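Following: one structure in structure tokens, then a few remarks.
Coordinate-derived values only; no laboratory data. Predicted model, so just to flag it, every value in this text is computed and none were measured. Neighbour counts run over all protein chains shown; Cβ positions are idealised from the backbone, glycine included.
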Amino acid sequence: MDERRRALAGAGFVLLGAVLIQWSAALIKPVFHAVGPSASSAWRFLLGAIVLMALTRPRLRTWTRAQWLGALALGVSVAFMNLCFYQALARIPLGGAVAIEYLGPFMVAALGKRSWRHFAFVLLAGLGVVALARPGGGLTLEGMLFAAGSGVGWAAYAFASHRVGGTTTGFQGLAIAMSIAAVVTLPFSMGSASAIVTHPHLLARIAIVAAMAIVLGFGAELQALRRLRPSIVSVLLALDPAVAFAFGLILLHQAITAWDLVGLACVVVAGVGVTIDAATGAPAPLL
């Protein structure tokens, strides 16, 4: 029973993280026209790291080499993931960007067990992306490549976050990792400082996004990864594209067509299928 409650709590944290992170992505997009996607990402990390460091005040002198390596891996992977994602978001609709991005952790989970069933799920997810990327669907090659790069970062982030969650307590590891991400992305914010200073509403919006995504969203996912294996969390993130499409429709007024729904359904069903396999046992192996 304890394991069941632990798993349900982990799934709840994944869903909470998905809502907060995708909601914040919809809120940050209007800032792109003023400072650009990379600078928006950099300012988000900087403000989020400041809040986390102030709240946790980690004792760095007691940190071990393993803790530092874990935080470094998480900071670099999340910085790469978000820089690529914001570049994709500047070029293609939110739902499509997240659906393609999700293929990163999905492939890690699906190919972790070599079976015909999982290869079929990979094919189904691929068909979903084809439906999303159809001519006239609003996806560009450049945007899709950035989203794919973000997917690679997302897959690395899942494993790094699990490692940080296992070697640190509370949110100290997250605070250090986000500080590293802030340092990595800091050069992208240099040219936009005047715009941020002269337009306080931009700073306020980025601060809200930082609190939602960096502090609360990534914090929720860290708690999930303390309760579930990275492969399970990766496939539970199948809900992210659906959440992203919803926020794209409601907040960004991005139209959703029948083909978008077909593509979304393929990606989500594939993710759910792999989740069920991972939860109920290993499927039949390939010969």
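The length gained on full extension between ILE250 and LEU8, counted as 0.36 nm times the residue separation minus their Cα-Cα distance, comes to 84.3 nm.
Given +1 at the Cβ of Lys and Arg, -1 at the Cβ of Asp and Glu and no other charges, the dipole of the chain around its Cα centre is 700 debye to the nearest 20. Against the set (1) 13.7; (2) 15.6; (3) 17.9, the structure's computed mean projected area of the Cα convex hull in nm² falls on (2).
If a helix is a whole DSSP H run, which ones in the chain reach 18 Å or further along their own axis (Cα) and hold a mean Kyte-Doolittle hydropathy of at least -0.5? Flagged H segments are 2-28, 37-56, 65-89, 94-110, 116-132, 141-167, 172-185, 258-280.
Its relative contact order, with pairs defined as Cα atoms under 8 Å and 6+ residues apart, puts the range 2-280 at 39 percent.
Simple rule: put +1 on each Lys or Arg Cβ and -1 on each Asp or Glu Cβ in the range 2-280, find the dipole, and look at VAL272, HIS162, ALA238; the Cα lying farthest toward the positive end is HIS162.
Per-residue Cβ neighbour counts within 10 Å put MET190, MET212, MET53 in the sequence MET190, MET53, MET212, beginning with the fewest. What number comes out for the charge environment of LEU239, summing +1 per Lys or Arg and -1 per Asp or Glu over other residues with Cβ under 15 Å away? Neighbour charge sum, excluding LEU239 itself: -3.
Once a ≥ b ≥ c are taken as the square roots of the eigenvalues of the Cα gyration tensor of the range 174-214, is the result rounded (a/c under 1.5), prolate (a/b larger than b/c) or oblate (a/b not larger than b/c)? Because a/c hits 1.5 or more and a/b fails to exceed b/c, the range 174-214 counts as oblate. Here the residues LEU103, LEU249, ranked from fewest to most Cβ neighbours within 10 Å of their Cβ, fall in the order LEU249, LEU103. The value of relative contact order for the range 11-140, using C-alpha pairs under 8 Å at least six residues apart, is 24 percent. Compute a Gaussian network model of the chain, connecting alpha carbons closer than 10 Å, and tell me which residue from TRP23, TRP68, TRP43 fluctuates the most. Comparing TRP23, TRP68, TRP43 in a Gaussian network model of the chain, the most mobile one is TRP68.
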